[in-house]
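See structure below.
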Amino acid sequence: MTAATPLAPLPLLPRLPNASRLVPPLSQDSLVPLAGDARSHARQEFSSLEAWLSAPSTLQLPLHQIERQQQTKGREVQRLLLQAHLQRRGHGDVGPALCVKQGNNEVRYTHRRLGTRSLKTVFGPIEVVRMGYSQAGADSIYPLDGALALPARVFSYELQRRLVQAAVQGTFQESIDGIADLTGLSVSKRSLEELLVDAARDFDVFYRERVPAPAAGSILVAAVDGKGVPMVKADGARPTVRLTKGQKANRKRMATVAAVFTKDPWMRTPEQVVESLFRLRRQTAADEPTPPRPENKRVWASLLKGKTAVIQEVAQEMQRRDPGGVKTRVALTDGERALQILVDRTLGVTLILDLLHVLEKLWKAAYVFHKEGSLEAELWVLDRTLRILFGEVSQVVKGIRQSVTKRRLFGAKRKSLLGIADYLHHNRARMRYDEYLAQGWPIASGPVEGACKNLIKDRMERSGMRWTEAIAEALIQLRAIYLSGDFDPYWSFHIEKDQHRIHPPGQWSVVLK
């Protein structure tokens with residue numbers, strides 16, 4: 001056994017409150033025993049790995065087999081090296097007692113006892129031996145936990161980060177299997193779900209405190225829409241043997257989806273828009289300039305907050321990005337009247353009806369007159385779209401209504417066409433597309449439509465998936481952070497906030513005597 005090397009005193013660990021002035025040097029009695037064992041075991045494992053790589057039998061193996069076995073063997077070397085590093089850090093003996101704040105009083109924690117906690121890391125499980133300070137009827141305080149910034153959970157922050165990143169991209173089982181392959185650790189689905197809820201708890205605070213990066217674009221765009229999330233059945237719900245008319249197999253709850261970004265103007269003609277929508281000709285880079293990309297796009301959604309709260313968040317995000325109110329502000333929505341009223345009252349922007357929703361209505365009308373998938377239906381929609389883009393909404397509405405009368409349509413067809421005509425008529429003030437295009441404003445909510453798909457549909461609506469409210473909300477928030485490109489800064493922010501919750505600054509001070 002090699003002798004334990006004297007440890008540096010804990011003042012080198014700045015996370016300890018007041019430690020820079022008050023922590024005395026550690027005595028030889030306070031050194032962690034067997035500090036040399038982990039190092040020597042790591043050397044032995046490394047030598048074993050080196051010998052295995054040089055062995056005649058290994059030299060005959062294909063490379064992919066060597067890679068796989070070397071990863072497993074090398075992980076054990078790194079685990080032992082990390083264990084040795086922790087043993088070198090000492091066990092957090094900062095003196096004979098701690099003075100702990102309890103309300104307006106200060107209490108001395110004089111009972112000291114070494115304890116061990118297990119921690120799962122990306123290299124495998126390790127043990128942390130640390131000194132605990134306690135008194136009767138109170139939880140122990142472990143200075144080393146604060147110095148190392150250890151989480152409350154059994155998973156290290158780095159392992160948590162990788163689990164969260166995997167879970168927002170793939171299914172829970174894929175995430176668990178991927179982490180097992182990478183680290184050799186087994187994580188239960190329940191533990192992963194609890195971890196996701198905990199990891200998302202700082203979502204709102206992060207975006208309230210974040211200062212968005214400056215953007216050169218002169219147009220500040222907001223878009224709001226809704227997307228259903230399949231939910232688990234309520235407790236006590238009876239299974240349905242056969243669905244009746246109008247019933248759906250999945251019970252969905254609507255999430256409010258929002259996007260905010262900055263953009264440069266992009267002037268286009270109605271003909272150019274129609275060409276891009278209907279792909280009338282093969283375009284090349286020489287035909288059209290590259291459209292300006294959204295800057296600093298943030299997408300997010302909420303299942304629990306409701307439309308009013310999410311739209312208020314949109315207003316706050318726009319104000320953070322444009323505190324002086326110098327940018328042109330526009331918002332794109334569908335034709336839902338209640339949503340439009342909320343957006344108009346809260347944001348105070350130019351409200352634009354999303355052209356994609358107009359196209360949905362036009363296709364529905366076309367299939368009343370023509371066979372689905374027919375060239376006649378496509379030409380009908382193309383013609384009406386072009387006329388609407390030229391500002392002729394009233395003429396299109398008039399034409400649809402006249403067609404109902406002239407063709408003597410009744411029943412479902414009549415009801416459908418008149419409903420579409422009313423939709424266009426009621427939204428005509430938000431369909432001045434000729435003016436919007438001339439000023440270079442966006443007329444279609446591609447970013448929020450993409451957010452509905454990327455943020456929710458691609459992850460939350462896979463075959464057989466059902467969600468509880470808490471898990472769905474947490475996963476949507478974490479996926480929004482990931483898709484907005486904010487995951488790394490958010491994770492650092494989350495660790496900082498989590499440490500303040502676990503180890504409040506000024507919670508204790510060292511008693512020297």
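The values are calculated or read from the model by the stated rules, or taken from the named source; none is laboratory data. Just so it is clear, the model here is predicted, and its values are computed rather than measured. Every residue, glycine as well, gets a Cβ built from its backbone with ideal geometry; the counts of neighbours run over all protein chains shown. The accessibility values were calculated without ligands, DNA or RNA, using every heavy atom of the protein model including side chains. Shrake-Rupley method; radii C 1.70, N 1.55, O 1.52, S 1.80 Å.
The table for this structure:
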| quantity | calculated |
| --- | --- |
| Rounded to the nearest 10 Å², the accessible area of Cys99 at probe 1.4 Å | 20 Å² |
| ³J(HN,Hα), Karplus 6.51/-1.76/1.60, whole Hz, each residue of region 170-176, x for Gly, Pro | x, 5, 4, 5, 4, 5, 5 |
| q = 0.27 Å⁻¹, region 408-491: log10 I(q)/I(0) [Debye, one scatterer per Cα] | -1.24 |
| Virtual spin-label span in nm between Gln402 and Ser218, 7 Å along Cα→Cβ | 4.0 nm |
| Alpha-carbon centroid distance for the pair region 450-489 / region 81-154, whole angstrom | 36 Å |
| Phe123 - accessible surface, heavy atoms, 1.4 Å probe, Å² rounded to 10 | 60 Å² |
| Size of charge dipole - the chain - debye, nearest 20, with Cβ of Lys, Arg +1 and Asp, Glu -1, no other charges | 1780 debye |
| Cα long-axis angle, helix 157-169 against the chain (0 to 90 degrees, to the nearest 10) | 20 degrees |
| Between helix 189-199 and the chain: long-axis angle, C-alpha atoms, 0 to 90°, nearest 10 | 80 degrees |
| Extension gain, Asp383 back to Asn104 (0.36 nm per residue minus Cα-Cα distance, nm) | 92.8 nm |
| Cross-link pairs Lys398/Lys457; Lys227/Lys413; Lys73/Lys297; Lys364/Lys453; Lys120/Lys305; Lys305/Lys371 - those with Cα-Cα distance over 32 Å | Lys398/Lys457; Lys73/Lys297; Lys120/Lys305; Lys305/Lys371 |
| Exposure rank, largest accessible area first [Ser134, Ser186; 1.4 Å] | Ser186, Ser134 |
| The chain, accessible area per residue, ligands and nucleic acids excluded (1.4 Å, Å²) | 53 Å² |
| By average C-beta atoms within 10 angstrom, highest first, the peptides 401-412, 72-83 | 72-83, 401-412 |
| Relative contact order of the chain, defined on C-alpha pairs under 8 angstrom at six or more residues apart (%) | 19 percent |
| Using distinct alpha-carbon pairs, which all enter the 1/r mean, Kirkwood radius of region 31-113 in Å | 16.3 Å |
| Solvent-accessible ranking of Ser445, Ser140, Ser463, largest area first, probe 1.4 Å | Ser463, Ser140, Ser445 |
| Sequence-distant residues sharing a close amide H with Met254 (under 5 Å, placed H) | Val229 |
| FRET E, pair Leu375, Asp264, Förster distance 35 Å, beta-carbon r, rounded to 0.05 | 0.45 |
| Estimated FRET transfer efficiency (Gln70, Arg113; beta-carbon r; R0 60 Å; 0.05) | 0.90 |
| Burial ranking of peptide ranges 363-373, 313-323 (average Cβ count within 10 Å, highest at the top) | 313-323, 363-373 |
| Cα shape, region 362-513, gyration tensor, a/c 1.5 rule | prolate |
| Within region 324-362, backbone nitrogen closer than 12 Å to the virtual label 7 Å beyond the Cα of Thr308 toward Cβ | 342 |
| ³J(HN,Hα) computed for each position of region 99-111 - Karplus, 6.51 cos²θ - 1.76 cosθ + 1.60, integer Hz, glycine/proline x | 9, 10, 7, 10, x, 8, 9, 10, 10, 8, 9, 9, 7 |
